[in-house]
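Asks: Can you keep this structure in mind? I'll have questions shortly.
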Amino acid sequence: MALVTRSLAGLEPEVTVSQYRVPDLLESRGPQRMAEVAASLNVRPSSASRQCSRLERRHVVSRRSGATDRREVYLHLTAAGGRLLAEITDRQRAALADPASALSSVSVDVLIAALHSLSAAADLSSNTALSSGDSCLASHMSELGPNACLTGAGFPSRN
């Protein structure tokens, strides 16, 4: 979480951590209905709608009627939203560059993608435990060695 927070600092347009999750979701899954966004973010539809309205005013997302059912409204990532996500990813890569200097650029890309997937799957903003994913994550982390630590990087402490 700290990496995301640092990568959002000073962005124009200003985006909060919770707002960042919306364009990140749209980039990975494509256009979504508001109910799908709310469910993915584990928030009430009214909260998701307010977040998306703020992002829409900043031209990060847009709302469009469905192609087959005009009553359905889909959220789309705008070109400006795509550029914003690219800038955030560049900042994340730069932040990871020093500690990850031993990793190839492909490995860094895989790591960033894995962190995005974990963030989406674990809803870290509510500080929920990774529960059933703990053992799977632990087995994958064993490759990093016995001193690998996830606390302080947005993951809950296991103490």
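Asks: For segment 102-134, how many residues meet the condition of being farther than 16 Å from LEU41 by Cβ and at pLDDT 60 or above? Walk me through how you get there before you give the answer.
Replies: First pass over segment 102-134, keeping only residues farther than 16 Å from LEU41 by Cβ: 102-115, 129-134.
Now restrict to residues that are at pLDDT 60 or above: 103-115.
Total meeting the criteria: 13.
Asks: Here is a check on your reading of the model: is ALA95 touching a residue at least 60 places away in the same chain (Cβ under 8 Å), of a type in the set (A, V, I, L, M, F, W, C) and surrounded by 15 or more Cβ atoms within 10 Å (Cβ to Cβ)? Break it down stepwise before answering.
Replies: Working: touching a residue at least 60 places away in the same chain (Cβ under 8 Å): yes; of a type in the set (A, V, I, L, M, F, W, C): yes; surrounded by 15 or more Cβ atoms within 10 Å (Cβ to Cβ): yes.
It is true that ALA95 is touching a residue at least 60 places away in the same chain (Cβ under 8 Å), of a type in the set (A, V, I, L, M, F, W, C) and surrounded by 15 or more Cβ atoms within 10 Å (Cβ to Cβ).
Asks: Here is a further query. Quick check on this structure: which one of ALA48, ALA35 is modelled with pLDDT of 90 or more, surrounded by fewer than 19 Cβ atoms within 10 Å (Cβ to Cβ), over 25 Å from ALA94 (Cβ atoms) and of a type in the set (A, V, I, L, M)?
Replies: From the options ALA48, ALA35, the qualifying one is ALA35.
The values are calculated or read from the model by the stated rules, or taken from the named source; none is laboratory data. No experiment lies behind these values; they were computed from the predicted model shown. For neighbour counting, all protein chains shown are included, and Cβ atoms are generated from backbone atoms with ideal geometry for every residue, glycine included.
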